[in-house]
Amino acid sequence: MNSASIAIVGSDDQQAERYAGLITGLPQHGVVGRYAHVGALEAEKRPSIADIVIVCEPAPEPSLFDRLRATAATEGALLVAVATPPGQQTTEASTGPDDWIPPDADDAEALRRLQILVRLKRSEDRLAAANVRIRALTAEQAAILRQAQERYRALAHNASEGVAIIDQEGTVRYITPALERLLGWSDDEARALSLFTLLHEDDIDNVHAIWEDLLKSAMATAALEIRVRDRRGYWRWLRVVASNQLQVPGVYGIVLNCEDIEDRRRFAAALEASRIRYRRVLDTVQEGMWTTDERDRTTSVSPQLTVMLGYRADEILRRPPTDFMAPEDIPAYLERMAQRAQGVLDSYEQRFIRSDGSILWTRIAGSPIFDENGTYVGSLGMLQDITEQKAADAALRASVARFAALIENAPGLAVQELRRDGTIGLWNRASAEIYGHSSDEALGSRIQDLVLDPEDRRAFENVLDSIWQTGEPTPPSEWHVRHLDGTDRWVLSTMVPITVREEVECVYCMDIDITARKAAEDELRLSRAALETLNLDLERLVEQRTVALKSAIDDLDAFAFSVTHDLRAPLRAINGFSAALQEDAGPLLSGESVRYLQFITENVLLMNQLIEDLLTFSRCGRQRLSIRKLDMKAVVDQALRMQDPASLGRCDIRIGPLPEAYGDTTLTTQVMVNLLSNAVKYSHTKEQPIIEVSGVRGSDGWNTYLVQDNGIGFDMLYVDRLFAVFQRLHSSDEYDGVGVGLAICKRIIKRHGGDIWAESEPDRGAAFRFTLPATDPGERLAVDGPFDMGEESDDPA
C-alpha cells in the first residue's frame, strides 16, 4: 500500500485523538495536521496537503463538507465523517462526506475503513481504483443492510406501531407514545396539529384524493406511504394504514396505524445510489470484470468480459477461469491465487483462449475479497484486452531486430549512433572496417576523438549542435578522417536526427569510404591538366594540317583544271587528225591501218570518259552538301528518266515502299543513277531482266535502301575491289565503263554519314544497299578532304 497523508479537523477532541493514535500505528501513513475547525484549514497556505480529511464532529452540517471541498489545502482529498449519518441522507456527493464511520465503530473496523479509503485514493491506476471502490461500495451495502436489519429487530422487540386518531377534518385528536417517540411531539402538542400541515407538498394531492374516498364508506381502509415532518423539522417516511372508524363508538375518528419506514427508504435510496455508482464504474471502464468464490469458481462476469472471450455469461459462471486459459499459463496463475488468498494484490499478464480458438492477451489487476470477519471469500479481477498491443509489441521487436541486422550488416555503409557530445552508442561492422576500431573500443568514446584531427573536431561539434537546435539532417559532406593504423581516409557523411516527442534524442551518422574516389579525382585532375596541354598541341597541329589541307585542295583544283584543259586539248587534236586522215586517205589505207585508226578513236573516247569520271569523282568529294528532306520516290523516278530508254525498256522495274530521307538531292540522284545503270548493264543478258528498288525505315535513325537485279552477279571474294576507283570485275569488251561509278556512290554515301555494301553470287544477281539519315542531321556533314586513286579508307585521317 502506498503512503497517504491524513488531516484531522473538528471539535470532537476525543475522536480526533483516537484516530490520530490509530493512524500513527499504520506504517507509511501520517497525520499532517490537527485542526480545531474548518477555518484553520482554510487559512492553510499549502495546497493539497492531505489525501484524506477525517471530520470529527458529532453532527456535522452539510455546508461543512462544501467548505472543505472548496478549500485549496484539501483539494482532491477524500472526506470521511466520524459521526452518525443524519436521518435524511441525500445521494449527492457534494452535500456530504465521501464516507461515514460510526462513532461507536471499534478500532479494527475504523482501520479497515481507513485502509479502504487509502486504497481508493492511492490506487496505482484506474483499474485498481475502480476495484477498491467496488469493494468499498460492497462493504457499504453490507453495512447498511446489517444496520437496517438490526433496527428492524429492535423495533420488533421493543416497540409497536404508532397510532393516531384524526377527525374528519384532519385534526389530530390522539397519538400513541410510540408515535410520540417517532415524531417528537407529545400527545398534547399533537392535538393542535392538522395532518395536512405536516405532509410533504408532493404527497398532499394524493392524500386528499385517498382521504375523500375514505370518508365515503364506513370502515373503509387505505394504505399509503407518506412523508411527515417531525418536531425537529425533518421529513420522515411512514407507511400508514388508514381506517374510517368515525362511526365506531369510543373512537369516532380516522385511525392511522403508522409504521416508521425511514430506515427502509434510506437503505433503498442508498442501495440504488450504490447500484448507480457501481454501474457507472462498469460502464466507464473498458475492462472486463471477473469475480470468483473462495474455490475459484466464477460468480459473476461483466458484459465486456463476455465480449472479450466470445462466450455467454452462463457458459462462464460456476466454472474456474483456468478452463479458459492457455494451459502453459495455469501453474503460474494457481500460485498467484494462493497468494491472493493471503491478501496479496497484483497485476500481471494472462493469456486466455477465446471461443473461436484465438488467443486473448490480457493485463489483470487482481485483488482479494474478504467478509466482515476477514475471511477470504473470493477474488476480483479487472481484465484489459492487450492483444493488439502485444501484436504491436511483437511487430516492433521484429522491426527493431531487422533494423539492427540491416544496420550491422550493411556492406560499405558505416553507421554510428551519436549523443549530443559525440559519444558513440552504436558502431556497426562497416564502421570497424573503415576506421579500424572495434565496437568494444568505440562504444562510450567520442567519435571526434577517435577519427578526426584536432583542427576538424570543433567543426564537427558545431554540426552536432546545429542538428540538436534545428532537428534537420545534414546534406552529404566530405570529412577527412584517420584510421587506427594512422592512414588518412576520406568519407562521405550524412547525419540524420532521431526525434522523440519533438526533441532530438540522438543522431545516426552514415559514412561511405570515398578514399579511392578522392584518389581517382586527384588523378583525374592531373589527367585533365595533361589533356588540356595535349589539346593545345592538337589544336596547333590541326591548324597546321588545315593549312596543308587547304593547299592540297588548291593543288587538286589546279590539277583538275590542268586535266580539263591540258589533257583534253591533245585528245581533241588526236581525234580530229584521226578523223581527217580517215576522211582524206581512207580509201588508200590498208585494212590494218583502218583498224589502227578505229583503235585510236575508241581509246581517245575512252580516255575522255576516264577524265570525265575522274572529275566527277573529285567534285562529289569537295562539293558542299545541300541537305533537305528527300522524296526518295521522286529521286528514283528522276534516275530512271536518265537511263537509256532502249536498255531500260526490256527491264521489269519493281518499286517498293521508299520512306523519306535527308540528303543532297543532286548527289543522292547520282547514287541512284549509277546503281540503276549497273543493274541495267549487268542484267541485259537475261531473258527478262528484273530490277527491284525499295527502302525500310530503321529504328536507329537511318533508312536502308535496296537496288537489286537478277543479272550476272559476282563472287564475294572480290567485294573489297568493288567500290575502289578504276577497279573492274569484268573486261571493257564485255561491259562498257571505267570502274568509277561505284566509287562515286561510296564517296557520296560516306559524305552523308551512311554506309553502302553489296551482296551477290555468280549468275544470281546482285543487291546493293545504302543508308541515309531518317532525320535532319543539321550541319554535321562536311566537305571531304583530298581523295586517292586507290581503294578508299573509312578513316578520314
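A few remarks follow.
- Annotation for the stretch 192-253: trypsin sites (Lys or Arg not before Pro) lying in DSSP loop with at most 15 further Cβ atoms inside 10 Å of their Cβ are ARG231, ARG232.
- Under 5 Å, built H, 5+ apart or other chain: amide partners of ASP755: THR771
- ILE353 long-range amide H proximity, modeled H, under 5 Å: MET325, ALA326, LEU360
- Amide H within-cut-off set for GLY162, under 5 Å, with H built and near neighbours excluded: CYS258, ASP260
- LEU111 versus HIS684: modelled label distance in nm, points set 7 Å from Cα along the beta carbon direction: 14.1
- The length gained on full extension between MET219 and ASP66, counted as 0.36 nm times the residue separation minus their Cα-Cα distance, comes to 50.0 nm.
- Whole-Hz couplings from phi, Karplus 6.51/-1.76/1.60, listed for the stretch 480-495; x for Gly and Pro: 8, 10, 10, 6, 4, 7, x, 6, 8, 9, 10, 10, 9, 10, 10, 10
- For the pair ILE386 and ILE204, a Förster radius of 35 Å applied to the C-beta separation gives a FRET efficiency near 0.05, rounded to the nearest 0.05.
- Estimated at 0.36 nm per residue, the fully extended path between ASP700 and ARG482 surpasses their Cα-Cα distance by 73.3 nm.
- Gained length - ASP293 relative to ASN409, 0.36 nm times residue gap less alpha-carbon distance: 36.1 nm
- Environment charge of THR387, counting only residues whose C-beta is closer than 14 Å and scoring Lys/Arg +1, Asp/Glu -1: -2
- Sorting 41-52, 404-415 by their mean Cβ neighbour count within 10 Å, with the most densely packed peptide first, gives 41-52, 404-415.
- Remark: for residue pairs LYS550/LYS629; LYS686/LYS750; LYS550/LYS750; LYS633/LYS750; LYS121/LYS390; LYS633/LYS746, the C-alpha separation exceeds 24 Å in LYS550/LYS629; LYS686/LYS750; LYS121/LYS390.
- Working note: Karplus 6.51/-1.76/1.60 with θ = phi - 60° gives the stretch 13-29 the couplings 5, 4, 5, 4, 5, 4, 6, 5, x, 4, 5, 4, x, 8, x, 6, 10 Hz, where Gly and Pro are set to x.
- Vicinal HN-Hα couplings computed from phi for the stretch 202-219 (Karplus, 6.51 cos²θ - 1.76 cosθ + 1.60; Hz; Gly/Pro x): 6, 9, 4, 4, 5, 5, 4, 5, 5, 4, 5, 5, 5, 6, 6, 10, 5, 6
- Separation of the stretch 183-225 from the stretch 40-119 is 39 Å, based on Cα centroids.
Values quoted throughout were computed directly from the atomic coordinates according to the rules given, and no laboratory measurement underlies them. Since we're looking at a predicted model, the values are computed, not measured. Every residue, glycine among them, receives a Cβ derived from its backbone with ideal geometry; neighbour counts consider all protein chains shown.
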